[in-house]
1. Taking residue 95 and the conditions (1) of a type outside the set (A, V, I, L, M); (2) touching a residue at least 24 places away in the same chain (Cβ under 8 Å); (3) surrounded by 15 or more Cβ atoms within 10 Å (Cβ to Cβ), which numbered condition does it fall short on, given that it satisfies the others?
2. Scan region 80-99 and give yes if some residue there is in contact with an Asp or Glu (Cβ under 9 Å, 6 or more places away or on another chain), small (Gly, Ala, Ser) and farther than 27 Å from residue 170 by Cβ, otherwise no.
3. Please specify each residue of region 108-139 satisfying the condition of being in a strand (DSSP E or B) and either within 15 Å of the chain's Cα centre (by Cα) or of a type in the set (Asp, Glu) (or both).
4. Taking the criterion of being of a type in the set (S, T, N, Q), under 20 Å from residue 24 (Cα atoms) and surrounded by 15 or more Cβ atoms within 10 Å (Cβ to Cβ), would at least one residue in region 193-216 satisfy it?
5. For region 168-192, how many residues are modelled with pLDDT under 95 and under 23 Å from residue 111 (Cβ atoms)?
6. What are the residues in region 157-192 that are assigned to a loop (DSSP other than H, G, I, E, B), hydrophobic (A, V, I, L, M, F, W, C) and under 20 Å from residue 28 (Cβ atoms), if any?
7. Residue pairs, Cβ under 6 Å, 6 or more apart or interchain, first in region 124-153 and surrounded by 18 or more Cβ atoms within 10 Å (Cβ to Cβ), second part of a helix (DSSP H, G or I). List them.
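The values are calculated or read from the model by the stated rules, or taken from the named source; none is laboratory data. Just so it is clear, the model here is predicted, and its values are computed rather than measured. Here the Cβ positions follow ideal geometry from the backbone for every residue, glycine too, while neighbour counts run over all protein chains shown.
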Amino acid sequence: MRMIELYSSLSGDYQRAFQVFLDHTDQKATARAWLERLVAGLPSRRVFVDAGAGNGKVTAWFTDAFEHTIAIEPNPHLRADLAQHCPSVEVLPDTILEASPSQPGDLVLCSHVLYYIDGEAWMAHVERMASWLAANGVLVVAIQNQDTDCMRMLDHFYGWRFDLRALVTRLHAEHGQQLAVTLETVPAHVTTQDFERAYVVAEFMMNLPPSAYPVPRRDLEAYVQQTFRCDDGYRFSCHQDFLQIRRRLAGAHGLIS
């Protein structure tokens with residue numbers, strides 16, 4: 001029986017599937033528009049910290065908007081692409097928990113990184129990134145919304161969803177006096193006229209959970225046909241959640257003042 005493909009995030013198969021996703025979704029465009037509005041409203045744009053910068057394509061969106069950019073990326077293969085896309089940025093070859101940016105950030109961005117971090121460690125990572133904030137800065141953590149068609153698919157096959165709501169509740173409970181925490185959902189969709197590309201994107205999404213395992217390809221094909229089919233092809237949601245964290249006490253240094 002043929003199973004779905006499981007691949008490393010550094011493999012050519014992953015990159016090809018990711019490109020099919022990018023070619024058939026408005027997720028990147030809607031994320032960029034949302035972030036550009038946020039950046040335009042910042043009271044200061046001295047330092048941008050991209051936590052988990054990957055290949056630097058998202059980092060490059062905002063390097064010209066800030067006086068200084070710090071990119072954190074522990075993967076040496078991705079750092080090579082990062083240096084090519086963003087030759088002027090300061091690169092820290094560390095994990096988020098190990099990193100110590102040289103300057104506080106007016107924007108600290110962690111975009112679609114939490115998929116690769118165990119959920120039990122999300123709080124520690126967010127606390128670490130919040131400790132890098134300038135007095136009037138904002139930490140933005142982006143991840144796919146738990147109620148999208150893609151997340152329902154992962155739940156169907158794996159019993160798995162990425163959900164920020166428990167983290168938000170814990171942040172309010174433990175740091176509500178020091179940090180203002182909000183969560184905003186921005187709609188996005190995958191749209192394609194043919195089944196083959198819809199299947200590639202679905203298989204790409206099936207690789208997100210750290211505990212992903214191969215399931216029969218025919219089962220995923222049937223799910224895509226039954227669930228994502230529409231009048232003019234295939235359409236399924238991949239809305240994004242943007243968690244925003246700001247200091248309540250202006251001028252305070254460190255996560256807890």
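1. (2)
2. No - not one qualifying residue is present in region 80-99.
3. Residues of region 108-139 in a strand (DSSP E or B): 108-111, 133-139.
Listed by number, the residues that qualify are 108, 109, 110, 111, 139.
4. yes
5. Total satisfying the criteria: 0.
6. Looking only at region 157-192, we keep the residues that are assigned to a loop (DSSP other than H, G, I, E, B), and these are 159-164, 176-178, 187-188.
From what is left, the residues that are hydrophobic (A, V, I, L, M, F, W, C) are 160, 162, 164, 188.
If the condition is that a residue be assigned to a loop (DSSP other than H, G, I, E, B), hydrophobic (A, V, I, L, M, F, W, C) and under 20 Å from residue 28 (Cβ atoms), then 162, 164, 188 are the ones that fit.
7. Qualifying pairs under 6 Å: 139/129; 139/130; 143/114; 150/205.
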